[in-house]
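Just so it is clear, none of the values below were taken in a lab; they were calculated from the coordinates. This structure is a prediction, so every number in the text was calculated from the model and none was measured. In this analysis, Cβ positions are derived from the backbone assuming ideal geometry, glycine residues included, and neighbour counts consider all displayed protein chains.
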Amino acid sequence: MESYVIYLRKSRADLEAEAHGEGETLSRHKTALLSLAKRLNLTVSEIYQEVVSGETIAARPMMQQLLQEVSEGKWTGVIVMEVERLARGDTMDQGLVSQTFKYSGTKIITPLKIYDPENEFDEEYFEFGLFMSRREYVTTNRRLQRGRQASAREGKFVGSVAPFGYKRIKIENDKGYTLEIIPEQAAIIKMIFQMYVYGEELNGKHRRLGLQTVAHRLNEMKIPPIRYDYWQKATIKDIITNPTYAGLIRWGYRRVKKTVTLQGKKTSRPITLDENCILVDGLHEAIISREVFDKAQELLAEQPPVPVGYRKEIKNPLCGLIICEKCGRKMVYRPGVGKKPAYITCHARDCPMVATPFPLVEKRVLDILQQWADDYTVILRNIGISTGNAIADYEAVENKLQGDLAALERQQRNIYDLVERGIYTDEEFKERITDIKKRIEDTKNGLEKIGADKKASELRKKAAEEFVPKVKRILEVYPSLPSSAAKNELLKEVLDHAVYNKEKSGAFKGHSADDFTLTAYPRLPKE
């Protein structure tokens, strides 16, 4: 049975039209495409509506699902307003769309034309349409970027979300937006700069406050944070370095940079300070003075720089594996200072979990792996027996269903013979053939499920057989591995995660640093 899907997505032109009051685009397109399907007598089984806007396929989840289903041959055709709705990104995305439809033989139905990818002329026409769409997109995007740069140079606010302390407002009698101060939030911004630049006086002594201490003070004062559930060091730094608070407009500071690797395209936004970075006086009112802002930048520059690659280098062999039982967050590695050892600790605010020296936690993990290597030898034997019994049961059911299917297919042929001989009326034929087809379909589905279950059982047995040698190999090579990253990668092959809990510090009487529990979960196939 032929089956079609409708794919709906807004273009930038649609968004502009909606802004001028032309009505909701996707609703109009949906009505038009349903009318087209009715006129062409096409059976529409699904309607996919892209609720997010994105240049690439990677940013459009419904398009990803559609392409997956098209590659599997699920749809006879896809109904869209224009072929440009499928891919307007770069040549890699266009090639992916074109090849997916071509190799699956899926048609593309638009109000103007039906494209058959197996027809070489339709294929060329389709690819040419995608190419022209890309050129139009690049031209439009270039024009928009130039417009944003021009607005930024005029001191207008070009961003879509106003920074904390401001709200975005339309400029009267002019195009574009500027910022208006929110007094309650502005008071918090002033407090942050005051604490960071001038510090505080305690016991007659004056001291400056670092970024982390400022965040801690705001949390103590129960001031609602901007994001997350508490103030963080990174948030304070973003505020301190944002020139918007000093009445300036900055644009092009973190431009999108795209790179291509063997794994696909990657997007980053590195800090870029060059002649293309715009920094001008804004039309909005400043929250802090230029002098205070400049002083904050000087103090920030005096801090020791973070070592190159520090944030990317894995220092903790247990990175991402240890979960705090009290708050559910992943526990982190705190490096040792001087003679003090490194610790595994929970950094969540107000979490009462007690930390433990890292060597003790690492040793406990390795002890658990050794216990697994011993215990799973027995478990493997039981898995082998149960799997063998299960496979025998699957094969018996499979043989029965194959016999049932052969009998049903014979009955179907007999029905056709009887109707040809005039024994069945048309109504009786329709009733019996519908029933027999349903029973045949159910039997085939049963055979597919049995086959899948049988294969899954065999895979579980194979994976379990590989588990014990893998654990033993890790225990052998772990001490000699050259880096924490290598140890972490190896542990993640057999360890899914481990839940950590510790109630008392080792400093308490009757307790030692080793008094903690660690419940580990192996990375095994699910039942």
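The length gained on full extension between residue 32 and residue 370, counted as 0.36 nm times the residue separation minus their Cα-Cα distance, comes to 115.2 nm.
Placing R0 at 45 angstrom, the Cβ-Cβ distance between residue 327 and residue 173 gives a FRET efficiency of 0.30 after rounding to 0.05.
At an R0 of 30 angstrom, the distance between the Cβ atoms of residue 113 and residue 146 translates into a FRET efficiency of 0.30. Each 10 Å bin, from zero up to the one with the longest distance, holds this percent of the alpha carbon pairs of the range 78-129: 26, 65, 9.
Full extension of the chain segment joining residue 135 with residue 99 gains 11.0 nm, where the gain is 0.36 nm per residue of separation less the Cα-Cα distance. Here residue 515 and residue 473 are evaluated by their C-beta separation; at R0 = 35 Å the FRET efficiency comes out at 0.65.
Say each of residue 363 and residue 429 gets a label point 7 Å from the Cα, pointing the same way as Cα to Cβ; how far apart are those two points in nm? Computed distance between label sites residue 363 and residue 429 equals 8.4 nm.
Taking the range 164-235, which chymotrypsin sites (Phe, Trp or Tyr not before Pro) meet the DSSP loop condition and have no more than 10 other C-beta atoms within 10 Å? Please list the in-between numbers first.
Values: sites: 164, 166, 177, 193, 196, 198, 228, 230, 231; in loops: 164, 228, 230, 231.
Loop-located and lightly packed - 228.
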